[in-house]
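Okay, structure first, notes after.
The values are calculated or read from the model by the stated rules, or taken from the named source; none is laboratory data. Not measured: the values here are computed from a predicted model. In this analysis, Cβ positions are derived from the backbone assuming ideal geometry, glycine residues included, and neighbour counts consider all displayed protein chains. SASA here: full protein model, heavy atoms, side chains in, ligands and nucleic acids out. Shrake-Rupley method; radii C 1.70, N 1.55, O 1.52, S 1.80 Å.
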Amino acid sequence: MLPFSEDLFLQKRLSADMATPVRSNSRLSLTMERTDRWVFSQDIPTDVVVVVCEATFSLHKFMLVAKSNYIRKLILESKEPALTKIDLSEIPGGPEIFEKAAKFCYGVNFEITVHNVAALRCAAEYLQMTDVYCDYNLAGRTEDFLAQVALSSLSGAIVVLKSCEDLLPLAEDLKIVQRCVDVISLKACNEANFPSRTPPNWWTEELSILDIEFIGRILSGMKKRGSKALTLASALITYAERNLRDLVRDQSGKCTKSSDSDDPNLFARERELLQSIVSLLPSEKASFPINFLCCLLRTAIFVNASNSCKNELEKRISVILEHVTVDDLLVLSFTYDGERLFDLDSVRKIISGSVEKEKNMAVFGGADFKGSYSAAMHRVAKTVDSYLGEIATYPDLTISKFNGIAILVPKGARKVDDDLYRAIDIFLKAHPNLDEIEREKVCSVMDPLKLSYEARLHASQNKRLPVQIVLHALYYDQLKLRSGVDDQPDAVATRSQLQSDVSLVRENEALRSELMKMKLYISDMQKNQGSSTKGIAAAAAPTTTGSRKHSFFSSMSKTLGKLNPFKHGSKDTLHINDNIGVDITKPRRRRFSIS
């Protein structure tokens, strides 16, 4: 039997003055010092020590037993004749919450707030401080505060739910989490439809403090209550920007480099968080901005997210690729320092997905995919060609990667190949060490006959292009001249300009051929320096004025014939001596010529 009654103790107890601040080096010592003020100032000595983690509280058994059925059972069921030490380290909330529960047992006033009400409710359940054991107990007080104060506003419910993250699973069993989720879902829907303050999306900022699991449950509740996909998307966008700020983007919309951290688990947590965010994206494909999806995909590549995560983002971008800008594609192409290219597999998958979508639409619409392309596909082709021009300057971009992206777009989707020609020209300029075969491989993705007049004119004077490509363009112009078809408004001026360009190219090729012959002739002269003057004169006889004139035109005709693009491909035959190994008895085969 306890030696003192509760009423006698309460009469002798001094009121605690909690307004005076206590300086301490840690929260734990501060809690213990506060306990000393409202316990050790009494005339009655303590008879039990309660241990909560590293904190100890010297208290009175009869005061604790009066409110806590759990402590009463510990004392009654103890095998020790006089239990002097109780370990309550598993109490929810730790020493701070137990201090408040002990104050409640002693009748000391303390403040219940939205920050501690969930922990107090869980502690009351753990200590069995319910109204079944004692009227007006701690559990009833906290339930009243939850219903009347904490869950009456959106902000209060969010704070309570945030505090439940460290109280699981007890907070889930007590239905505190579900009650908070229901209140937040309802009030967030109301705020989305009828904002009560500015900015209208203020509630999305407050939601961003919660765990991603709670966010999923809240968004699910909002969807059941009829929230639109754009509303759910705005909440996810804000959440990603707040919790993955260094990886996704800052408030200016620019992607930034991930901040360095000493935490070895940070990378794994960011990867898990990103994958959870992607799994919560609404099914509506067009509910998110393009730049946000591209930043998410770049982040997924950077943190090495799962293939399912990256595939989901790639599909979403490919569906709306016609709205993607070159800057958006560049976002997911470069590392955060902007110096190196990522693996371009994601870009190829996005373009392939868009082309596949175009094919499916053509099949369902009964159209011929090879013959007609939508305006969206034309925009995609133009964007891809411009994108190739941007990445062509990087030395680590190989020919296979460049061509691999260019050939994904069907040739019929390009009305003209001017943008692609520009990208090829930039690539050739940035890679000056390519040989003739490699340059032809780069140019193989382009159709020279689909270049505009200005592009063909530029190509005819472009020394970086293979001769084969130049001849294709010139031959096309000559055919147009012969057929009388012209794509310029002023046909006479254009035809005159084109003829002069063709003549200039012919003269250049003829001079090149004669120069090669002259080099061969001089080489022969050097070999025959020991011969007599008569032999030298005989060797020089064919180069008289009359013969030279005849040799010039005949050699020019032969040279142009050997440069015929439809005969020997792109092989360079300028080094072959025209006078060696030619059987003049055989009739000369008819060939195509640009002369």
Go through 310/401; 429/463; 100/162; 228/357; 441/463; 61/85 and tell me which ones have a Cα-Cα distance over 22 Å in this structure. 228/357
For segment 53-104, what is the accessible area per residue in Å², given a 1.4 Å probe and the full set of protein chains? 47 Å²
Which whole number of Å³ per residue matches the convex hull of the alpha-carbon atoms in segment 395-443? 71 Å³
Name the long-range amide H neighbours of residue 452: under 5 Å, sequence gap of 5 or more, or other chain; modelled H, no Pro or chain starts. 417, 418
For segment 348-469, with every protein chain kept in place, what is the accessible area per residue (1.4 Å probe, Å²)? 49 Å²
Ranking 340, 242, 506 from most to least accessible area with a 1.4 Å probe gives 340, 242, 506
Diffusion coefficient in µm²/s returned for segment 282-425 by Stokes-Einstein, Kirkwood Rh over C-alpha pairs, 37 °C and 0.692 mPa s, is 210 µm²/s
Rank-order 320-326, 418-424, 100-106, 169-175 by packing density, defined as the average count of other C-beta atoms within 10 Å over each peptide's residues, highest first. 418-424, 100-106, 320-326, 169-175
Sorting check: for 349-356, 433-440, which peptide has the highest mean count of neighbouring beta carbons within 10 Å, and how do the rest follow? 349-356, 433-440
